[in-house]
Amino acid sequence: MLQRKVCLIGSFAVGKTSLLQRFVYSRFSDKYLTTVGVKIDRKIVPTSRGSVSLILWDLAGEDEFQSLQTSYLRGGAGFVVVIDCTRNETLQQARTHLDYLDEEHPTAAKVVFVNKIDLESSWDLEQSDFQGLERRYSVYKTSAKTGVSVEEAFHALAEAMK
Ligand code: GDP
Ligand code: MG
């Protein structure tokens, strides 16, 4: 079976670990999930070219923004860049990450998750804030808490990977 490495990327506490918990184990916890070092999960997803085993890499660290280490990203066929819709600054950080990925991994598939959309009352983003991103990437509004669009977004990534 095809195996493909997928890296979750995004600022501290945007919901990377929670999105993987939702996608792989169909669960959610309100408790903060501290990830130590790198955690790797797997999930097999169907694509039009047959099943693909996704090797899902989740990176921890206080300073995740700084720690986009080459060794973590190396060999990545797909990248999930996560934004927290309740913190506007995470959008700018995502743009920086995407610019870096386009430079270093131009042929890899990239998707953007605008996460925590269940927290409607706390939205700190306007639709227009990420319109620019929507012209260049597939953008999914997700919630690790309710599960909305999570499965769909990972499947779209799997489909887009070479
Ligand atoms: P990470 O640092 O990017 O891995 O973020 P975590 O997955 O640890 O999540 C940080 C916090 O946000 C935790 O308290 C989660 O329970 C919470 N969280 C993550 N995703 C969602 C979501 O979609 N909705 C809500 N309401 N909370 C979320
Ligand atoms: Mg985490």
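Shape summary: segment 77-162 maps onto an equivalent ellipsoid whose semi-axes, from the alpha-carbon gyration tensor, are 21, 16, 9 Å in decreasing order.
From the gyration tensor of the Cα coordinates in the chain, what semi-axes in whole Å does the equivalent ellipsoid have, largest first, with each one equal to sqrt(5λ)?
Numbers: eigenvalues 91, 62, 55 Å².
In descending order the semi-axes read 21, 18, 17 Å.
Take every DSSP beta bridge whose two residues both sit in the chain; close to 30 percent of them are antiparallel.
Compute, for the chain, the length of the dipole vector about the Cα centre, with Cβ point charges of +1 (Lys, Arg) and -1 (Asp, Glu) only. Units Debye, rounded to 20. If you can, show how the numbers build up before the last one.
Numbers: 20 positive and 21 negative charges, 156 e Å.
Computed charge dipole of the chain: roughly 760 debye.
Can you give the accessible area per residue of the chain, in Å², using a 1.4 Å probe?
Values: 8020 Å² over 162 residues.
Computed with neighbouring chains in place, this is 50 Å² per residue.
Among the GluC sites (Glu not before Pro) within segment 124-156, those in coil by DSSP and having at most 16 neighbouring Cβ atoms inside 10 Å are GLU126.
Restricting the count to DSSP beta bridges whose residues both fall in segment 1-61, what percent are antiparallel, rounded to a multiple of 5? Can you show the working numbers first?
Working: 10 of 16 bridges.
Looking only at bridges with both residues in segment 1-61, the antiparallel portion is about 60 percent.
First compute the accessible area of the chain with a 1.4 Å probe, then give the percent of it belonging to carbon and sulfur atoms.
Working: 3880 of 8020 Å².
Summing carbon and sulfur atoms, their accessible area is 48 percent of the total for the chain.
Model label points for TYR72 and GLN127, set 7 angstrom from Cα along the Cα-to-Cβ axis, are 3.3 nm apart.
Working ranking of peptides 25-31, 107-113 by packing, defined as the average number of other Cβ atoms within 10 Å per residue, highest first, is 107-113, 25-31. Computed about its Cα centre, the charge dipole of segment 79-130 is approximately 120 debye, with only Lys, Arg, Asp and Glu carrying charge at their Cβ. Phi angles of segment 73-84 translate, via the Karplus equation with coefficients 6.51, -1.76, 1.60 and θ = phi - 60°, into HN-Hα couplings of 7, 4, x, x, 9, x, 10, 10, 9, 9, 10, 9 Hz per residue; Gly and Pro are given as x. Taking all Cα pairs closer than 8 Å and separated by 6 or more residues, the relative contact order of the chain comes to 28 percent.
For segment 111-156, what does the alpha-carbon gyration tensor say about shape, rounded, prolate or oblate, given a ≥ b ≥ c as the root eigenvalues, a/c under 1.5 as rounded, and a/b over b/c as prolate? The partial results should precede the final answer.
Numbers: a/c = 3.53, a/b = 1.03, b/c = 3.42.
It is oblate, given that a/c is not under 1.5 and a/b is not larger than b/c.
The values are calculated or read from the model by the stated rules, or taken from the named source; none is laboratory data. These figures come from a predicted structure and were not determined experimentally. Every residue, glycine among them, receives a Cβ derived from its backbone with ideal geometry; neighbour counts consider all protein chains shown. SASA here: full protein model, heavy atoms, side chains in, ligands and nucleic acids out. Shrake-Rupley method; radii C 1.70, N 1.55, O 1.52, S 1.80 Å.
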